[in-house]
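Q: Handing you this structure, nothing more for now.
The values are calculated or read from the model by the stated rules, or taken from the named source; none is laboratory data. What you are looking at is a predicted structure, and each value in this text was computed from that prediction instead of being measured. Here Cβ is always computed from backbone atoms with ideal geometry, including for glycine, and neighbour counts include all displayed protein chains. We work out accessible area using only protein heavy atoms, side chains counted, and drop any ligands, DNA or RNA first. Shrake-Rupley method; radii C 1.70, N 1.55, O 1.52, S 1.80 Å.
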Amino acid sequence: MLMPHSVTLHDDETALSFGSRLAAVNQLPSLSELLKDFQFTITDILNGDPTTLAGLAELGGVEATRLSNRAFRPLDSSSYRIAGSTVEKRHLYLRRNRICPACFRADLGGQMSASAMVNAYARVLWSFSSARTCPIHHLFLVAPPEEDLMYEFASSWSPWLLEIADGELDDPSPAEAQFERHLSDRLAGNATKSWLMEFSLGALGAACEMMGISLLFGKQVGIRDMTSRDLAVATDSGFALLAEGPQAVVAYFETLHSEKGSPQDKPQARYGRIYEWMTRGSGKGDAYAPLRDLFRQHILETWPLDAGVMVLGYRLPERRLHSIRTASQTHGLHPKRLRRLLTDAGLLAESDRPDFEALFSAPAAQTFLEQASGSVGYAEAQRRLGMTRTQMERLIAGGQLKPGEGGDKARPRFTEAAISQWTSFFNSFPCAPQHHTLTSVTETVSNLGSTTTDVLNLITQQQLREVFRDSRKQGLSAILIRKGEVAQRLKAVQGRRLSTSISAVSKDAGISTDFLQQLADAGCFGLVQATETRSHHQPETRIPDDEFALFNAQYVSRRYLSRSGRSPIAIKRKLDDAGIEPAFVSLDGKEFIYERGHLVNI
């Protein structure tokens, strides 16, 4: 059925605006009333219902496909489709009726009357939250000064015709509306193909805002600190940068990276809110992949990150870069001597960059660093630890003895710190009394037919009452225990594997359950699902005691260190001053775990 009076459907008009004007020209109080007469609702339009849109098109005498293309049709709970483009819900003002006052006056053609009101229509552009400036008249987009009737364009603005005519709502914008112009072109299908086309319309606006704020107002300034005027200018600036292409964006990242910093700086300190936004904010979403992938690649190419570090959702499989600082810590070399050796070997260009910024290829320098540091070879490690090859292999397989950089699978090499950690462990026990009936770990393992790992687990878990040291011997042969006690302990756990609930481990070790889950995902230890002992039906996540004991013997959390009575801030400062990097960092950046061997001297 065709309504008595109709209005023109403009190419850049929203379907809701067309329906609102159609109701007004037929002297109905609202779009809701028009739809109700034909058993439709505004919700049906918002849900992109084809029958409702086809019915509205028929009432207005326009093609259903043409009207449907101007409706924000939901794809899922978080995104819409409009004019052939996808846009996330968070980037839209679907309930607000913003206008450019100058565009509104132009629509009315100088006839500022209620009858002419039906000629003014809402542009699709005005529904985008990042669009703040009219690209034609360079005025800020404004909402009705008082009551803004949701989805009712004509009814919301009819009381303000006089103010619009007198220019009272005109607010000149200092922005050039570059983003808004691009958005209009994209919606009309006239945009020039470029890197920008890889972004969805809403994500591009948000990316322009974040980049522009950092560029104009500082990397630590957040979007909540901005006024609408500031955001309009920032969006313009961010768009200009992104429009130059990936090389220009990377050049800006390099500018932030090269700013003066400290050896302890992490990417968040150098890049500020941009890094935080892409790590924990909406910037980590798939819609921002073009910018995030570019940012991640820049970080991987400019930061000396260790294997296993997460970079914007990507876990680095192996170290790509070393700095003088990280290499000197890893290989126990003095920074000045290391710089000289690397420069002479042609592995590092001469520069006056500080140690933490002087970078070189880690794979290319690996053999050189091993030779320069005198890292401990397999045979020497066996001798110093007093272990057989089989014992070494079992400890390595169980994660109790961690190989360092260099060597191969058959003959790994070890850092001095790893060997020192074990020798310190051996020397931590008191000397045995002069006359005793104790046996060494090696003898106990042989006599009981158990494994070195099983016996060491009993020691590290403090399940043995008597553990002593023979000062005349080395390694496992120097550790003395009571064979009968070991036999009883091993028998007690035979046939079942002891485990502890993840919440109890969290409390004892000072590590949050989320971080424990992260460490388990990284392969530090396993997780098991077991029936809760009290209810016998509620499953709970548990950590095998032997696996966590191995981990706990080698690592300690900063929270646990703070239990000594010193404040976490004081502990952090002491660790940073000593140049000790954490072995693991939680995904939220709030928890840190260190190797115990690195803390011996502090």
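Q: Just tell me which lysines come within less than 27 Å, Cα to Cα, of Lys260; anything on the same chain fewer than 8 places away is out.
A: Lys219, Lys284, Lys336, Lys572, Lys574, Lys590
Q: Turning to a different aspect of this structure: Can you pull the percent of Cα pairs in segment 321-376 with separation above 14 Å? Walk me through the numbers before you get to the answer.
A: Values: 665 of 1540 pairs.
Within segment 321-376, distances greater than 14 Å cover 43 percent of Cα pairs.
Q: Additional query: Please work out how much length the chain gains when fully extended from Thr8 to Glu146, using 0.36 nm per residue of separation minus the C-alpha to C-alpha distance, in nm with one decimal.
A: Values: separation 138, 0.36 × 138 = 49.68 nm, distance 2.81 nm.
Here the answer is 46.9 nm.
Q: Under a crude label model (7 Å from the Cα following the beta-carbon direction), how far is Asp576 from Glu58 in nanometres?
A: So the label points at Asp576 and Glu58 sit 7.0 nm apart.
Q: Which of the peptides 121-128, 341-348 is most tightly packed, and how do the rest follow, going by the mean number of other Cβ atoms within 10 Å of each residue?
A: Working: 121-128: 23.8, 341-348: 15.4.
Result, highest mean Cβ count within 10 Å first: 121-128, 341-348.
Q: Could you pull the Rg and Dmax for segment 1-99, using just the Cα atoms, both in Å?
A: Answer for segment 1-99, Rg first and Dmax second: 12.9, 38 Å.
Q: Kindly rank 20-30, 1-11 from highest to lowest mean number of other beta carbons found within 10 Å of each residue.
A: Put in order of decreasing packing, that is 20-30, 1-11.
Q: Can you run the Rg to Rh ratio on segment 146-217? Use alpha carbon positions and the Kirkwood inverse-distance Rh. Present the calculation step by step, with values, prior to reporting the outcome.
A: Working: Rg = 16.8 Å, Rh = 15.4 Å.
Rounded to two decimals, Rg/Rh equals 1.09.
Q: To continue, here is another question. Could you bin all the Cα-Cα distances of segment 15-166 into 5 Å bins starting at 0 and give me the percent of pairs in each, rounded to whole numbers?
A: Pairs per bin, as whole percents: 2, 10, 19, 22, 21, 16, 9, 2, 0.
Q: Let me ask something else about it. Which value in Å is the Kirkwood Rh of segment 133-282 over different Cα pairs? Write down the numbers at each step before the final one.
A: Working: mean 1/r = 0.0572 Å⁻¹.
Answer for segment 133-282: a Kirkwood hydrodynamic radius of 17.5 Å.
Q: For the chain, just give the cysteines left without a disulfide-compatible partner, judged by no other Cys Cβ under 4.7 Å.
A: By the Cβ distance rule, which asks for a partner under 4.7 Å, the isolated cysteines are Cys208, Cys431, Cys524.
Q: Here's something else I'd like to know. Just report the Cα centroid separation between segment 67-93 and segment 571-593, whole Å.
A: 44 Å
Q: Report, to the nearest 10°, how far helix 362-373 tilts away from the longest principal axis of the Cα atoms in the chain, using its own Cα long axis and a range of 0 to 90°.
A: Its long axis makes an angle of about 30 degrees.
Q: Got a number for carbon plus sulfur as a percent of segment 378-494's accessible area, 1.4 Å probe? Could the numbers behind the result be given before it?
A: Values: 3000 of 6250 Å².
Carbon plus sulfur share of accessible area: 48 percent.
Q: With the calculation restricted to Cα positions, what are the radius of gyration and Dmax of segment 378-494 in angstrom?
A: 14.3, 44
Q: If you count, for each residue, the other Cβ atoms within 10 Å and average over each peptide, how do 574-581, 178-185 line up from highest to lowest? Write out the running numbers ahead of the final one.
A: On the way: 574-581: 15.5, 178-185: 22.1.
Peptide ranking by packing, descending: 178-185, 574-581.
Q: Roughly what % antiparallel, to the nearest 5, for the DSSP beta bridges in the chain? Please list the in-between numbers first.
A: Working: 35 of 36 bridges.
In the chain, approximately 95 percent of DSSP beta bridges are antiparallel ones.
Q: Could you state the angle between the C-alpha long axis of helix 545-554 and the longest principal axis of the C-alpha atoms of the chain, as a value from 0 to 90 degrees rounded to the nearest 10?
A: 90 degrees
Q: Report, to the nearest 10°, how far helix 178-188 tilts away from the longest principal axis of the Cα atoms in the chain, using its own Cα long axis and a range of 0 to 90°.
A: 70 degrees
Q: Per the Kirkwood treatment, what hydrodynamic radius in Å, one decimal, follows for the chain from the mean inverse distance over all distinct Cα pairs?
A: About 29.7 Å for the chain.
Q: Hey, with R₀ at 45 Å, roughly what FRET efficiency would Arg90 and Glu168 work out to, going by the Cβ-Cβ distance, to 0.05?
A: On the way: r = 32 Å, r/R0 = 0.70.
The calculated FRET efficiency here is 0.90.
Q: Sticking with this structure for a sec: Given the rule -39500 (n - 2.57) for each run of at least 4 DSSP H residues, summed and divided by the residues of the chain, what is its mean residue ellipticity at 222 nm, to the nearest 500 deg cm²/dmol?
A: Values: 29 runs with 266 residues, N = 602.
One gets -12500 deg cm²/dmol as the mean residue ellipticity at 222 nm.
Q: Could you bin all the Cα-Cα distances of segment 200-316 into 10 Å bins starting at 0 and give me the percent of pairs in each, rounded to whole numbers?
A: 13, 49, 32, 6, 0
Q: Accessible area per residue for the chain in Å², computed with a 1.4 Å probe and the full protein assembly in place, what is it?
A: Numbers: 29430 Å² over 602 residues.
About 49 Å² of surface per residue is accessible.
Q: Which FRET efficiency, nearest 0.05, do Ala106 and Ser258 yield, Cβ-Cβ r, R0 41 Å? Walk me through the numbers on the way to the answer.
A: Details: r = 48 Å, r/R0 = 1.18.
Step by step, r from the Cβ atoms, then E = 0.25.
Q: Just subtract the alpha-carbon distance of Arg389 and Ser424 from 0.36 nm times their residue separation and send over the number in nm, one decimal.
A: Between Arg389 and Ser424, full extension yields 10.5 nm more.
Q: At 0.36 nm per residue, and after removing the present C-alpha to C-alpha distance, how many nm does the segment from Glu244 to Thr43 gain when stretched out fully?
A: Details: separation 201, 0.36 × 201 = 72.36 nm, distance 4.12 nm.
Contour length minus Cα-Cα distance gives 68.2 nm.
Q: Given N residues in segment 499-598, what is Rg(Cα) / (2.2 N^0.38 Å)?
A: Working: Rg = 14.7 Å, N = 100, 2.2 N^0.38 = 12.7 Å.
Here the answer is 1.16, to two decimals.
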